[in-house]
Structures are given as structure tokens and as C-alpha cells.
1. Along the charge dipole of the chain, Cβ charges K/R +1 and D/E -1, which of S596, T227, Q188 sits furthest on the positive end?
2. What's the long-distance tail for the range 405-548, i.e. % of Cα pairs beyond 28 Å?
3. In whole percent, what relative contact order does the range 390-507 give with Cα contacts below 8 Å and a gap of six or more residues?
4. Using the Cα centre of the range 39-115 as origin and beta-carbon charges of +1 (Lys, Arg) and -1 (Asp, Glu), tell me which of P81, Y45, I68 is placed farthest towards the positive end of the dipole.
5. Work out the length of the dipole vector of the range 1-111 about its Cα centre, built from +1 on the beta-carbon of each Lys and Arg and -1 on the beta-carbon of each Asp and Glu, and round it to the nearest 20 debye.
6. Can you bin every Cα-Cα distance in the range 99-194 into 10 Å intervals starting at zero and give me the percent of pairs per bin, rounded to whole numbers?
7. Find how many whole Å separate the alpha carbon centroid of the range 1-42 from the alpha carbon centroid of the range 352-398.
8. Just the Cα atoms of the range 513-616, one point each, no solvent: what log10 I(q)/I(0) does Debye give at q = 0.15, 0.18, 0.24 Å⁻¹?
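Nothing in this text is a laboratory measurement; each read-out follows from the coordinates by a stated rule. Nothing here was measured: the structure is a model prediction, and the numbers come from that model. Counting neighbours? That spans all protein chains shown, and the Cβs are built from the backbone with ideal geometry, glycine included.
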Amino acid sequence: MNPPIAAKHPHPHALHGDVRPDDYYWLRDKHNPEVIAYLEAENAYFDEQMRPLRAFQEALFQDMLARIPEAEEVIPAQNGPYFYYSRINPGHQYRTYYRRRAAHRAALESAPEEVILDVNSLMGDGDFLSVTTVLASPDHRRLAYLENHDGTDRYTLSIKDLDTGAFIDAPIQNVFIGGSVAWDKTGQYVFYVTVDESQRPYQLWRHRLGSGESDALLYQEDDITFTLGLETSRSGDFLFLTSDTKTTSEVRYLRADEPEAAFHVFQPRRAGILYSLEHWDGSILNLTNEGAHNFTLLAVDAEAPDPARQKPLIPYDAKRYWQMVLPFQTGLLIYGREDGLTQLWLYQNSQLRRLTWDEELYTVTPGHNLSYDTAEVLIRYQSLLTPPSDYAVNLVTGEKALLREEPVRQYNRADYVEQRLWATADDGTHVPLSLVARKESLLHTPAPTILYGYGSYGANSNPTFDAARLPLLDRGIIYVIAHVRGGSEMGHSWYEDGKLLKKRNTFTDFIAAAEHLIQEGITTAGQLAARGRSAGGLLMGAILNLRPDLFRAVAPGVPFVDVVTTMLDASIPLTSLEWDEWGNPEDPEYYAYMKSYSPYDNVAAKAYPHMLVYTGLNDPRVGYFEPAKWVARLRDTKTDQNQLLLKTHMGAGHGGSSGRFAHLNELAEEYAWILDKIGAARA
């Protein structure tokens, strides 16, 4: 079977005197039968080419299933008289949400288990289901949850009576995927954020349960570069509505016991100033970058929250990058980064202390905390070798108590090793790498290696445990994470040095990581694969154009590869929100810079590695047409005979398949292809 050839329909783009004929622009219209026929032809070619690997894929899938626990449970967290938690039960694709009525953790086992939501029962006739927010009312009588069946960011808000099981009022449509629902203090009102035509969260509404009244529109964000986010303070006393871009924010607040009052602006938006609010000990806390590049924590009287009266709560330390503050009645838990890793600090009685850990590499995050009035704070610890482990930390003493380590079958951590490596970028910057492998694999190098990267939006690629990665390591794979600029691994400046007119640092950092692995004898170009998703897919596309010789195989998932065209079209979902990350190509300087690295615009007549490209037809973040166009141009232009595959999930969005097993099987499919190309053992 020959690969599909997309027809060329030239479509001129002209900007700043640059005429850009785009032969594959027509693939944007998914309502065009010719487009669907082309995608289905690519899927048929993909299936035909993958047929020899299906047995290997199944073997990997079964090995992954053999490692993960039969049931996956979130540790119960206390909220008033109940402990709330969720579990994926054996044989189920989706979570079931539970609660037990108990005064303390020791009484949990004797308390009866109550099902409050079985996500599996919501599946219906389709093959995609996502349930995000699951939020009990303050009086514990009602449950609000968000549900989606097409992979977009348009969710349906349903409200369930937990006493009767009946639904209250009609479902509410077009609610944003998350950070969009909050209760008032009485549980009689629910606030929610809806999306516009481009799926941008832009309107705040108030709904009074059972009233029959029309919902009240409270605020609309008209600046198309801003989005809305809604949350309740941990104390439950305030609602905070945030309008923000990636560089500027503005927060409105409302007392949760005054649901019909007006929201008030805390501090008007000012370019370059980011801040977020919390409530603690009679004060409004403000975590802000104003005068503090890595963010500082200010406090002001909650009864008269005048920003001019704010004072530092804790002295600023530029070595610490603070990202979140979680107040509890007896103290604060602060989450951030230091020394290139995630960290947690406890603040109590004017004393600040950082939690310490024994491993060189680790990831520690706040856990599933629901209660404000508690001295027991849940945190989650893991590393490349240590499975996710839930601890209870005493805010007063700092004492840590291990509650549970996630079970992993057929795993002996003594057989594996993790290491921190450092690559040197073109400008002399030292780029951290995290490596995990079986011990014997490092004794027989060079070895087949997978290099993963992301590097955008300040998002971090932390060294976390992955049971599904173990079958790869057991087949001799060395797995490496490149913590390239564009993330925040080394602080906020690490992010700023990998965005806008410094974006190329992300790509050259990843290339430096690959070169370091080869120079150190860990692998060779013929044994090295690269993978990344979304903006990490852009990274894959860029390095393919810059240094295709370094890699044997590359797997870009839902890749953002048509940067210039997408950033020019504000009608595409979420495009206007991205200008602070990539720049607006209406500006000639940004246009030229973006075009210099945009993967689609830089496809050339040269040899490329083997490539496997994934996308989703309903993806609201990276339109399916970007990878479709990219693959079409590559097929027409590249000079090699290496494999180029495109798989379009015709019923999903950015995250691929939604079910636990379906998602794992897709991962096994990708890994089977990668391992085959880099010569890893199949046994």
C-alpha cells in the first residue's frame, strides 16, 4: 500500500511583503468530505504499516497492564464530616467517586462507602468520555461535575442531589474544562465560567438552584487575549475570579456568604504583573511577581483589602521560585521550585522550613487536600524510582507519616538507577537531564534511548514515576527527560529564556541534550528516538528540521507545527491567548522569527528520520490540520525512504483516547513503533 498523497490547492498568504503559498491550507475544513477521506486514507495506511508490530504492541500493552495496580485509588481526604476519594476499579475504564462519613482517618475502615458518582455509567454510545471537576457543595448535599463526550473544551455542568440521586435543574452547556465552577457558602448558588466560539473561557454566570430563574451574567472578559478562571479560597470564605494572560493578571473577589453581591477588583491589570490571591488568618495573601522575579508573598487585612497596604509576609529569596500557596488554619504550605526540583515549604509561627528528601531526583506536590481546619496536610512524593507515595505532614511539627505507596506489580527498585546529567547548550547554559534505566543497561552502552522534551508555557517535565515505562526499561531502553528552557525547572527566568524571541533556545537545548548523550557514549544517533506532545510536538518538528541526523525515530503527538498560520488566525480556538507565548506575527519582527523555526514552513528537500505523528479531529488546542498539513508537505518534499505515519483519532481531542485501557493501548502502540525503529529487544 502506497502512502496517501494530498492534493495541492495553492492558497496564498501575504504579510510584510512575504508571499507564502500554502498548498495544503484546504485541509483545515473538517466538514469537507475530501478532507475526511484524506485523513481516513492516512489512517488506513497507518494501520497497514503497523500490522507487523501489532503482536509487539499487544505484548507491551499486557506488560504495562501487569505492572499497574488493578485498582487506582486517590487517598481519602477529609472535608467536614466526610472523607472524599475516587478509585478506578478492576476492569473499569473510568473513575468512581466515593465518600465515607468519619470523624478522623483511623475511623475510615469501619465507615460505610457511599458512591457519589460512577463515571463509567456516563459513557453512552460514543468512545470518548472526560469528567473533570467533581465538587461537593459546602453542606455536602449536592454534587457538581463537568462532563464531555467529544474531546473539546466545551463541558456540560450537571448538579446532583446526593440524598435522592436526582438531578437538580437542566444541565448547563458550554462550561470550560476546568477551573470554572464554584459553590457559594450555602450551597444554594453555583457559579460557572462559559466559553466563546473559540472555546476561550470568557463569561462568569451565577445559577440559583431550583429557582427557575434565568442565570445571571456577572462578568464578561472582552479582551480576547485574556481568559477567566474561578476558584474558592481554601477557607471557603471567598470566591476569586482571575482574568489573565501569561504575563498579566487581574483578580476579582467575592465573599462566599454574599452570593448576590458584586465582585470587587483587588488590583487592576498592569502589563507584566502576575498575581494570585488566597485567604488566611484574617488576611488576603497575594503571590505576585511585582518587584520579585521569582514571586513573593504579601498580606493585607481581609476586611479592608487595600493593595497599597500590603506587606511582605515572608522575606523574598530570589533562589526560590514560588508557584502556589495553600493556607490551612494552623499554617501555610507553599509549593515551588529550588535547586531545579519541586519543593514544599511549611510556614507556621513566622518560621519557614523546606521539607527534605533522601533522593537526588524527586517530585513533590500538594496532595488531595479539601479541609482548611486541619493540622494534617496531604502531600505526594515520587521519583523516577519511587512510586507515588502519599504522606500526611503535621503543619506544626513538620513530621511526615507515609500513608500509602502506590502498589506496582513485578517491580524491584534495586534493579534500576536514576541519574542527573548536564548538557551544555550553545550559549554555555547548563541544561539538566533526568535519566532512568536498568542498572545493567548502563553497563552495556551505547544503548537504545528515548529522549523526551516539552519546554513551553513554563510547564515542567518533572522526574516522576511511570509504571508503564518499566516494560521499556526491561527491554534495555534508557529513558531521558531533557529539562529545556521554556519550562520553569530552573526558575521563572528559565521560562522566559525559552519563549517569544528566545524560543529557539528550547530547540537548541534539546539538540545539546541529544549530542551529550551521544558524546558520553550512552547512545548513538542510530539508537536515539525523540518524543514530545503538543508544544513538545513543536519541539520535535523544529529539531527534525535543524538536526535530523541526530535521531533514528521521532514521535510528535498532537504537534503544534504550523506556527505562523495559526498565530495569524484569531478565529482558531485559543490562538489569541498564545500571543504572549510565541508573539503576534502581525509584528514583522515576530513574523520573521516565528517563520525561521516553524516546522511546517521549514520542511526541506532532505532526509528525515522515521516519524510517527498523532492527532485528534476534535482537538481545540492544536487543530488536526496542523499535523495533517505538515505530513502532506513532508511526503511531497523529503528525500528519504524512512517511514512517515499519521494517525488521526476521529473521535477525540488533545489527550487522545479517554479510557484507562484505551489510553494505555495507544501508548503501547507508540512505544512498539519507537522500539522497533531503535533496535530494542521485543522479548
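1. Most positive-ward Cα: S596.
2. The share of Cα pairs beyond 28 Å in the range 405-548 comes to 18 percent.
3. It rounds to 21 percent for the range 390-507.
4. P81
5. The dipole magnitude comes to about 780 debye.
6. 15, 42, 31, 11, 1
7. Spelled out, the Cα-based centre of one part sits 50 Å from the other.
8. -0.66, -0.87, -1.24
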